[in-house]
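The values are calculated or read from the model by the stated rules, or taken from the named source; none is laboratory data. Keep in mind the model is a prediction, meaning the values are calculated, not measured. Reconstructed Cβ throughout: ideal geometry from the backbone, glycine too, with neighbour counts over all protein chains shown. Just so you know, the surface numbers come from the protein's heavy atoms only, side chains and all, with ligands and any DNA or RNA stripped out. Shrake-Rupley method; radii C 1.70, N 1.55, O 1.52, S 1.80 Å.
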Amino acid sequence: MNTQLIDRFDRIHTNLRISVTDKCNLRCIYCMPEDMAFMENEGIMSFDEIVYLTRVFVELGVNKIRITGGEPLVRPGVPNLIRQLRGIEGIKDISLTTNGIGLAKQAKALYDAGLRRINVSLDTLNEEKFEQMTRRKMLAKTLEGLKEAQRCGFNPIKVNAVAMRGFTDDEIIDLAQFARENAYQLRFIEFMPLDADDIWGRNMFVPGKALIGKINETYPLAPVYTNGDGNHEPAARYRYLDGGGEIGVIASVSEPFCDQCNRIRLTADGKFRACLFSLTETDLLTPLRAGLPKKNLANLIIDAVKQKEAGHKINSTDFVKPSRNMSMIGG
């Protein structure tokens, strides 16, 4: 299949996010409710099914994979999945997003499997606020996981922080300093309306420019890459003028980058989504299990990409929140 995944707006899609589970050992308030009803195990893609579908996507031009959840490391055997995916010709990059809780035990196995890039979610360095945001008392485990990942040689290690007014906006400088001191790349992510408890509001998200402006007052910055430069990165990146590394901000709400988006998603239960905020999704797992030929599966994907929306409409009056929250779609 010599084709590309091109939508109606001439965007070419080469970046696939694959969720391996909707389960998680945290209950972050911007991601899932405390009493979450998880999918049945038989409805989740097996690793063999993930590898098969990934091969279909790669034949359609995908060359970059990110493994997500839920929390991917609560599913046994992820290092083996990484090893299998690395064996697929055409994949240029594989990364993984985690809350870090399982990294202390699994970082070496992941590294030995060939994984080199990792993103760790860490919204606060304060134990009390961490417990308030995640509804679990596990900050020490995340910090331990970060140290072990660094010891194993992961590079870069990106720290993802969701900025929420009234929760973490007073730790902007603390998080920046923490990342600088430990050679992590901090990525602030604007709070998006995908929370299960419907707490999102414009009074709660902190615009990316405000975040960068605040950091610039203490640690002067210079831009490295800003949205619109054409290389599809979701984060606007800045370097510290004193040589202290980089920082980035993903301003999905205040400065949408939909017009250059090249990302598509596969949920843990095998549903294909052309956009994080899509109101429709295409079931790939059911036809795969029914024996649908690879060419027909590819056509399902091609047709779904052609229907991709122009943008997420968060800033429009006709915005409709997807029925599935972040943990069910894949972070």
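In the set (1) at pLDDT below 95; (2) under 18 Å from the mean Cα position of the chain (by Cα); (3) over 30 Å from Asn216 (Cβ atoms), the condition left unmet by Gly331 is number (3).
Which residues, counting only those in the stretch 143-158, are part of a strand (DSSP E or B) and open to solvent by less than 10 Å² (accessible area, probe 1.4 Å)? Matches in the stretch 143-158: Ile157 only.
Cβ-Cβ distances below 7 Å connect the following pairs, each with a first residue in the stretch 124-138 that is closer than 13 Å to Glu171 by Cα, a second residue that is open to solvent by 50 Å² or more (accessible area, probe 1.4 Å) and assigned to a helix (DSSP H, G or I), and a separation of six or more residues or different chains: Leu125/Asp174. Scoring Asp22 on the criteria (1) farther than 29 Å from Gln132 by Cβ; (2) open to solvent by less than 40 Å² (accessible area, probe 1.4 Å) leaves a single failure, condition (1). One residue stands out in the stretch 288-314 among those that are more than 21 Å from the chain's Cα centre (by Cα) and part of a loop (DSSP other than H, G, I, E, B): the one that is nearest to Val253 (Cα to Cα), namely Gln307.
Condition first: under 14 Å from Leu16 (Cβ atoms) and touching a residue at least 60 places away in the same chain (Cβ under 8 Å). Now tell me which residues in the stretch 63-80 satisfy that. Talk me through it step by step, then tell me what you get.
Start the filter on the stretch 63-80 by keeping residues that are under 14 Å from Leu16 (Cβ atoms), which leaves 63-68.
Within the stretch 63-80, just Thr68 meets the criteria.
I'm trying to understand the selection: among the residues of the stretch 287-315, which are farther than 16 Å from Asn262 by Cα, modelled with pLDDT under 95 and among the small types (Gly, Ala, Ser)? Within the stretch 287-315, no residue meets the criteria.
With respect to the conditions (1) open to solvent by less than 30 Å² (accessible area, probe 1.4 Å); (2) modelled with pLDDT of 95 or more; (3) out of contact with any Leu (no Cβ under 6 Å at 6 or more places or on another chain); (4) not in a helix (DSSP H, G or I), Gly201 lacks only one, and its number is (2). Just one of the numbered conditions (1) farther than 24 Å from Gly70 by Cβ; (2) open to solvent by less than 80 Å² (accessible area, probe 1.4 Å) is not true of Lys313: (2). The condition of being among the aliphatic types (A, V, I, L, M), over 17 Å from the mean Cα position of the chain (by Cα) and open to solvent by less than 10 Å² (accessible area, probe 1.4 Å) holds for only one of Ala107, Ala161, Ala140, that being Ala107. For residues in the stretch 228-266 being over 19 Å from the mean Cα position of the chain (by Cα), outside any strand (DSSP E or B) and modelled with pLDDT of 85 or more, which is surrounded by the fewest Cβ atoms within 10 Å (Cβ to Cβ)? Here the answer is Gly243.
How many residues are polar (S, T, N, Q), in contact with a Lys or Arg (Cβ under 9 Å, 6 or more places away or on another chain) and open to solvent by 10 Å² or more (accessible area, probe 1.4 Å) when one looks only at the stretch 48-85? Before you say what the answer is, go through the steps one by one.
We begin by selecting, within the stretch 48-85, every residue polar (S, T, N, Q); these are 54, 63, 68, 80, 84.
Adding the requirement that they be in contact with a Lys or Arg (Cβ under 9 Å, 6 or more places away or on another chain) leaves 63, 68.
Pick out the ones that are also open to solvent by 10 Å² or more (accessible area, probe 1.4 Å) and you get 63.
Selection size over the stretch 48-85: 1.
For the stretch 290-302, a residue qualifies if it is open to solvent by 70 Å² or more (accessible area, probe 1.4 Å) and in contact (Cβ under 8 Å) with a residue 12 or more places away in the chain, and exactly one does: Lys295. Of the listed requirements (1) under 20 Å from the mean Cα position of the chain (by Cα); (2) farther than 15 Å from Arg265 by Cβ; (3) not aromatic (Phe, Trp, Tyr), Asp48 misses just one: (1).
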